[in-house]
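What follows is a short report on a single structure.
A short reminder: the numbers here are calculations on the coordinates, not readings from a lab. Note that the structure is predicted; figures quoted are calculated from it, not measured. Don't worry about glycine lacking a Cβ; one is built from the backbone with ideal geometry, like all the others, and counts go over all protein chains shown.
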Amino acid sequence: MAELNRSVLFNRELSWLLFNERVLQEAQDESVPLIQRLRFLGIYSNNLDEFYKVRVANLERLVALTGRRPKRLSGDYAPAELLDTVREKISLLHEKYEATYHHLLKEMEREGIEVVNERELTDEQQQFVWDYFASTVSIRTVPLMLRKRNRLPFLRDDRSYLAIKMWRSKGRANVRYAIIEIPVSSACPRFVTLPSPEGKIQIIFLDDILRFCLDEIFFMFDYDEITAHAFKLTRDAELTLDDDISKSLIQKMEQGIDKRMHGRPIRLVYDREMPRDLLDLITSKFGLTDGDNVNAGGRYHFLRDLMKFPRVAPALEYPRQVPLLHPGVKKFSSILSVIKKKDLLVAYPYQSFTHLLDFLREAAIDPYVESIFITIYRVAERSKVISALTNAARNGKRVVALVELMARFDEERNIEFTDTLQEAGVKVIHGIEGLKVHSKLILVQRREGSRLKGYTHIGTGNFNEDTATLYSDFSLFTANDAIAADAAKVFDFLQHTHRHFECRELIVSPYFMRDFFVAKIAREIHNAEAGRPAYIYAKFNSLTDEDMIYELYRASMAGVEVRLIVRGACCLMPGVEGLSEHIRAISIVDKFLEHSRIIIFGNGGDEQAYIASADWMARNLNRRVEVGVPILDKELRRTLRDFFDIQWADTEKARDLSNFAENRYVGAPAGTPQVRAQEAIYEYLEKK
């Protein structure tokens with residue numbers, strides 16, 4: 001029997017990089033529509049930026065703090081050793097990324113779509129660019145002059161910049177340097193479609209519009225040579241709050257966000273054609289030196305904007321998939337009356353997010369609804385959820401909203417929504433010190449006769465109508481009295497954190513969830529040892545909690561069949577003889593982001609199924625308020641099991657995690673049909 005220690009865990013950071021490699025594989029997959037492949041490159045770039053801000057920054061802090069006996073990380077790495085391995089892997093992936101990007105540009109040219117630069121413009125296009133710059137770009141362009149003796153003006157790490165050098169080629173060398181932020185916004189997009197020859201679509205980067213108009217921007221200086229080279233900066237995204245008890249949490253958050261914006265630079269990526277003197281000036285301003293944190297790149301950076309590449313050729317995109325209405329809900333009818341009769345399980349993005357919005361909108365105007373309680377982690381920029389809550393408060397309902405201010409990278413938005421809600425009369429609370437509230441919980445209390453009837457929502461994804469079209473998630477709507485009573489206890493606890501509570505049906509972390517699932521695993525082990533069928537089928541975004549992984553190893557060693565679908569980081573090593581030979585694990589990366597969490601137990605033939613907001617990660621089980629719920633309705637349990645089985649059968653987009661280093665597609669056995677789970681699920685729901 002293998003020893004349960006860090007050597008039987010795959011490293012979290014390396015596993016995450018392999019997940020991002022799966023995203024890159026989608027950009028390389030010729031069966032994926034061409035422009036969608038370009039968008040996958042944008043997703044890859046965005047993922048990597050966040051990885052640097054959080055994981056690489058954390059590794060660098062560990063290296064700096066480690067003493068003579070360095071802490072061993074999962075996979076039995078020392079921090080410095082892991083940091084070197086991570087950088088090596090990123091370098092290899094970057095080579096694949098650049099090769100894929102240039103290959104896709106050539107493929108697009110064959111389809112009549114060309115990305116041109118400022119040196120390739122026709123006379124007509126030049127005039128268009130001048131006019132576009134004057135009308136749209138100029139007012140948003142603010143050059144910052146660089147001088148060796150002066151401090152560098154603050155530069156954000158969620159922007160891309162052009163570094164400018166201008167000089168006279170003859171006579172006294174009067175060199176000047178400047179920086180221009182590339183002013184990307186909804187009104188000034190990164191990609192601009194040009195007047196194009198018949199049969200072609202030509203597109204230019206906003207970067208190149210600025211390059212073309214450099215003489216217009218710097219007309220007041222005397223030079224005859226000018227160059228512009230892109231660079232981007234990544235800062236440490238750690239958010240620290242001071243312990244001044246005289247400040248409110250929002251004051252601390254606002255100051256913490258400001259500190260993070262000015263966080264330590266950890267990476268500079270620059271155009272490899274940048275003049276050496278210009279590069280030296282910029283790196284010196286950031287306190288960086290040549291090495292692992294200063295990386296040469298191509299002409300364009302911050303390519304996450306490829307996610308918003310113009311929809312110029314619908315035939316080269318995935319067809320738009322219209323979300324289905326849930327068959328149990330009729331148009332222009334009360335959703336509360338439907339939920340009162342029967343639980344609803346809604347699957348996004350296959351089914352419409354409007355059902356959740358209608359749930360809140362109806363509660364906001366129903367004269368018998370007295371209270372609405374909700375936990376908010378991430379919502380849309382123009383949130384219809386927030387609008388429904390403010391309307392409810394204006395209609396005299398008691399509305400209590402737990403707004404999580406520590407939702408990473410959404411802190412500013414949540415502070416703004418706090419103000420909006422409070423102005424409308426919503427009671428806003430901010431949870432528990434040291435714990436994030438990540439649950440997706442709503443409780444509507446309606447006066448029915450002499451009692452308050454509870455209608456509860458428990459979900460796996462955020463209340464965000466924008467991401468609900470892209471993320472695969474579940475919402476359970478139920479009028480079950482025990483679940484509503486549990487939800488009321490959770491909200492009472494969030495408002496009065498000193499109170500002890502116990503739940504009958506809901507599974508809540510950090511108080512009960514870990515022990516609950518450990519007990520369920522133990523039951524499967526007992527069943528296997530007794531010769532009864534025993535299995536655990538689970539789906540997560542990430543599986544990194546060491547104790548839960550060890551429990552799954554113990555289950556495997558007892559003969560329990562374990563099937564895992566893990567989209568992202570997975571530290572469990574499946575298929576290891578004597579340790580995990582009864583565990584299989586796959587990862588699915590496709591057009592929708594797999595985000596739902598499902599846990600199914602054989603339970604001696606009386607199958608039990610759960611959905612939850614929590615992954616099996618230490619942060620979710622130990623440091624977050626998460627909520628899971630049993631699927632009590634037999635028909636819905638069957639539906640959830642069908643979802644899992646369809647995804648488990650995927651042969652087109654599933655990767656086998658038994659050999660992490662390969663990211664090998666599962667593939668269909670010879671003579672059997674291919675299965676693409678996300679298409680099969682839509683077809684499955686169409687028939688219901």
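Amide H neighbours of residue 426 under 5 Å, counting only residues 5+ apart in sequence or on other chains, H built in-plane at 1.01 Å?
Those lying under 5 Å, H to H, from residue 426: there are none.
When you count, for each residue, the other Cβ atoms within 10 Å and take the mean per peptide, how do 146-153, 179-186, 622-629 rank with the highest first?
Working: 146-153: 10.8, 179-186: 17.1, 622-629: 22.8.
Ranking the peptides 146-153, 179-186, 622-629 by packing returns 622-629, 179-186, 146-153.
Pick out, in residue order, every one of the chymotrypsin sites (Phe, Trp or Tyr not before Pro) in the range 269-351 that is DSSP loop and has at most 11 other C-beta atoms within 10 Å; say none if there are none. Walk me through the numbers before you get to the answer.
On the way: sites: 270, 286, 300, 302, 332, 350; in loops: 300, 302, 332, 350.
Passing both the DSSP loop test and the Cβ count: 332.
Taking 7 Å along the Cα-to-C-beta vector as the label spot, tell me the residue 71-residue 581 distance in nanometres, rounded to one decimal.
With each label placed 7 Å out from Cα toward Cβ, I get 3.6 nm.
Would you kindly state how much longer the chain becomes between residue 381 and residue 341 on full extension, computed as 0.36 nm times their sequence separation minus their alpha carbon distance, in nm to one decimal? The partial results should precede the final answer.
Working: separation 40, 0.36 × 40 = 14.40 nm, distance 3.40 nm.
Once the chain is fully extended between residue 381 and residue 341, it gains 11.0 nm.
In nm², what is the average projected area of the convex hull enclosing the Cα atoms of the range 335-503? Could the numbers behind the result be given before it?
Numbers: hull surface 38.3 nm².
Projected area, direction-averaged: 9.6 nm².
Scan the range 34-99 for trypsin sites (Lys or Arg not before Pro) in coil per DSSP, keeping those whose Cβ has at most 13 other Cβ atoms within 10 Å, and list them by number. Each step should come with its number before you reach the end.
Numbers: sites: 37, 39, 53, 55, 61, 68, 71, 72, 87, 89, 96; in loops: 68, 71, 72.
Of the trypsin sites (Lys or Arg not before Pro), the ones in loops of the range 34-99 whose Cβ has at most 13 other Cβ atoms within 10 Å are 68, 71.
Can you give the angle from 0 to 90° between the axis of helix 677-686 and the longest principal axis of the chain, with both taken from C-alpha atoms, to the nearest 10?
With both axes taken from Cα atoms, the answer is about 50 degrees.
Once amide H atoms are placed 1.01 Å from N in the peptide plane, what residues at a sequence separation of 5 or more from residue 201, or on another chain, have their amide H within under 5 Å of its amide H?
Result for residue 201 returns 113, 114.
Place the peptides 661-674, 492-505 in order of packing, highest mean first, counting for every residue the other Cβ atoms within 10 Å and averaging per peptide.
Working: 661-674: 11.1, 492-505: 12.9.
So the order, starting with the most tightly packed, is 492-505, 661-674.
Kindly write out, for the range 128-138 in residue order, the coupling ³J(HN,Hα) from the Karplus curve 6.51 cos²θ - 1.76 cosθ + 1.60 (θ = phi - 60°), rounded to whole Hz, with x marking Gly and Pro.
Values per residue, Gly and Pro as x: 4, 5, 4, 5, 5, 4, 5, 8, 10, 8, 3 Hz.
How large is the charge dipole for the chain, taken about the Cα centre, if only the Cβ atoms of Lys, Arg (+1) and Asp, Glu (-1) carry charge, to the nearest 20 debye?
1400 debye
May I ask you to compute the full-extension gain from residue 284 to residue 225, defined as 0.36 nm times their residue separation minus their alpha-carbon distance, rounded to one decimal in nm?
Numbers: separation 59, 0.36 × 59 = 21.24 nm, distance 2.38 nm.
Full-extension gain reported as 18.9 nm.
Viscosity 1.002 mPa s, temperature 20 °C: give me the Stokes-Einstein translational D for the range 509-686 in µm²/s, with Rh taken as the Kirkwood radius over C-alpha pairs. Don't skip to the end; give the middle numbers.
On the way: Rh = 16.6 Å.
Once the numbers are plugged in, D ends up at 129 µm²/s.
What is the sum of charges around residue 234, taking Lys and Arg as +1, Asp and Glu as -1, for the other residues whose C-beta is under 9 Å from the C-beta of residue 234?
Details: positive: 53, 232, 235, 267; negative: 49, 157, 236.
Its environment carries a net charge of +1.
Residue farthest toward the positive end of the dipole of the chain, with Cβ of Lys/Arg at +1 and Asp/Glu at -1: which of 318, 293, 403?
Among 318, 293, 403, the one farthest towards the positive end of the dipole of the chain is 403.
Provide the per-residue ³J(HN,Hα) series for the range 529-536, in order, calculated from phi with Karplus coefficients 6.51, -1.76, 1.60 and θ = phi - 60°, each as a whole number of Hz, with x at glycine and proline positions.
5, 8, x, 8, x, 9, 7, 9
For residue 145, project a label point 7 Å along Cα to C-beta. Then give me every residue of the range 173-212 with its amide nitrogen under 15 Å of that point.
Correct set: 174-180.
How long, wide and thick is the range 1-111, going by the Cα atoms along their three principal axes, in whole angstroms, largest first?
58, 37, 17
To one decimal place, what orientation-averaged projected area in nm² is obtained for the convex hull of the Cα set of the range 262-342? Let's see the in-between values first.
On the way: hull surface 48.8 nm².
Orientation-averaged projected area of the Cα hull: 12.2 nm².
Over all directions, how big on average is the projection of the convex hull of the alpha-carbon atoms in the chain, in square nanometres? Intermediate results must be reported in sequence, preceding the final value.
Numbers: hull surface 141.9 nm².
Hull-based average projected area comes out at 35.5 nm².
How long is the gain from residue 632 to residue 394 if the chain were fully straight, where each residue apart is worth 0.36 nm and the alpha carbon distance is subtracted?
Length gained, residue 632 through residue 394: 82.1 nm.
In terms of modelled amide H atoms, which long-range or inter-chain residues lie less than 5 Å from the amide H of residue 230?
Hits under the 5 Å cutoff: 163, 271.
In the structure shown, do any of 340/489; 384/440; 436/539; 342/489 have a Cα-Cα gap over 27 Å, and if so which? Before the final figure, lay out the partial values.
Values: 340/489 21 Å; 384/440 16 Å; 436/539 22 Å; 342/489 23 Å.
With Cα atoms farther than 27 Å apart: none of 340/489; 384/440; 436/539; 342/489.
Can you check what the Kirkwood hydrodynamic radius comes to for the range 76-153, Cα pairs only, in Å to one decimal?
Details: mean 1/r = 0.0565 Å⁻¹.
Computed over the range 76-153, the radius equals 17.7 Å.
When only Cα pairs under 8 Å and 6 or more residues apart are kept, what is the percent relative contact order across the chain? Working shown, then result.
Values: 1257 pairs, mean separation 79.0, N = 688.
About 11 percent, as a whole number.
Can you work out ³J(HN,Hα) from phi for every residue in the range 379-386, in order, using Karplus 6.51 cos²θ - 1.76 cosθ + 1.60 and θ = phi - 60°, giving whole Hz and x for Gly and Pro?
Residue by residue, the range 379-386 yields 10, 5, 4, 10, 7, 6, 5, 4 Hz.
Run the quick spin-label model on residue 659 and residue 272: label points 7 Å from Cα toward the beta carbon, then report their separation in nm to one decimal.
Label-label distance for residue 659 and residue 272, simple model: 3.1 nm.
Kindly provide the helix-only [θ] at 222 nm of the chain, computed as the sum of -39,500 (n - 2.57) over DSSP H runs of four or more divided by all residues, to the nearest 500 deg cm²/dmol? Don't jump to the answer; show the numbers that get you there.
Numbers: 19 runs with 239 residues, N = 688.
-11000 deg cm²/dmol, from helical runs alone.
Helix 354-365 sits at what angle to the longest principal axis of the chain, using alpha carbons and giving 0 to 90 degrees rounded to 10?
70 degrees
What's the angle, to the nearest 10 degrees (0 to 90), between helix 481-495's Cα axis and the longest principal axis of the chain?
It is inclined by approximately 50 degrees.
Highest first, please rank the peptides 211-223, 550-562 by the mean number of other Cβ atoms sitting within 10 Å of their residues. The partial results should precede the final answer.
Numbers: 211-223: 15.4, 550-562: 20.3.
In decreasing order of mean packing, 211-223, 550-562 become 550-562, 211-223.
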